[in-house]
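The values are calculated or read from the model by the stated rules, or taken from the named source; none is laboratory data. Computed from a predicted model, the values in this text were never measured in an experiment. Note that each Cβ is placed from the backbone with ideal geometry, even for glycine, and that neighbours are counted across all protein chains shown.
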Amino acid sequence: MRLIPLPVALVAPLVAVLVALAPAPARGADAPKADLTLKDAYGQKVRLRDLRGKPVVLNFWATWCVPCTAEMPMLVAMETEYATRGVLFVAASLDDAKTKANIPGFLAEHKIGFPVWYGATADDLDQLKLGGAVPATAFLDAEGRIVARILGQARPEEVKERLDWLTGDKSAPPPQPVVKHLQ
């Protein structure tokens, strides 16, 4: 088979059309349901699927992560504001055996009252398409589908926009599905 070189002027528009026609990543009713199984502070198995029925904010963090420390007070405030709308917050810690003992002090210092799950890994981040670093936050609808992600330290207005959409009538266009603050 002989390849015929094509001028860039002909190929570029064709590529642009193909990209435009390519299906968007699954979102809404077509998106797969997320799942994650970790442990709670008592070593009991906890599963993301058990939270279906309510919107969930799933934040991956670690005690050694400086942006996580900066982000956590905002998440605590958002949890207070959105709990009345039925939103559940979960903090999944990537602390390992060496730093796991720091978690209780971190929780007390930041007055975290929502569930904290232990044993999260980079593989969990990858499985949920949250990149390879913390902090990272996934927003799940009541059916358990991830409808938005923030990679890196979330800003209050980004969290509010996603939660207002999730808890509203969804008549407005959905927020940007992925916000990247990490390179």
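Details
- Residue in the range 85-93 that is more than 17 Å from Trp64 (Cα to Cα), in contact (Cβ under 8 Å) with a residue 60 or more places away in the chain and in contact with a strand residue (DSSP E or B) (Cβ under 7 Å, 6 or more places away or on another chain) present: yes
- Restricting the search to helices (runs of 4 or more DSSP H) fully inside the range 50-140 and requiring at least 2 residues that are modelled with pLDDT of 95 or more, closer than 21 Å to Glu157 by Cα and touching a helix residue (DSSP H, G or I) at 6+ places or on another chain (Cβ under 8 Å) gives 66-82.
- From the options Lys180, Lys170, residue that is at positive phi and among the charged types (D, E, K, R): Lys170
- Residue match in the range 88-98 (condition: under 14 Å from the mean Cα position of the chain (by Cα) and either surrounded by fewer than 19 Cβ atoms within 10 Å (Cβ to Cβ) or of a type in the set (Ser, Thr, Tyr) (or both)): yes
- Some residue of the range 142-151 being within 22 Å of Arg52 (Cβ to Cβ), touching a residue at least 60 places away in the same chain (Cβ under 8 Å) and among the acidic types (Asp, Glu): yes
- Which listed residue, of Val134, Val179, Val116, is over 22 Å from Ala97 (Cα atoms) and either exposed (fewer than 13 other Cβ atoms within 10 Å of the Cβ) or of a type in the set (A, V, I, L, M) (or both): Val179
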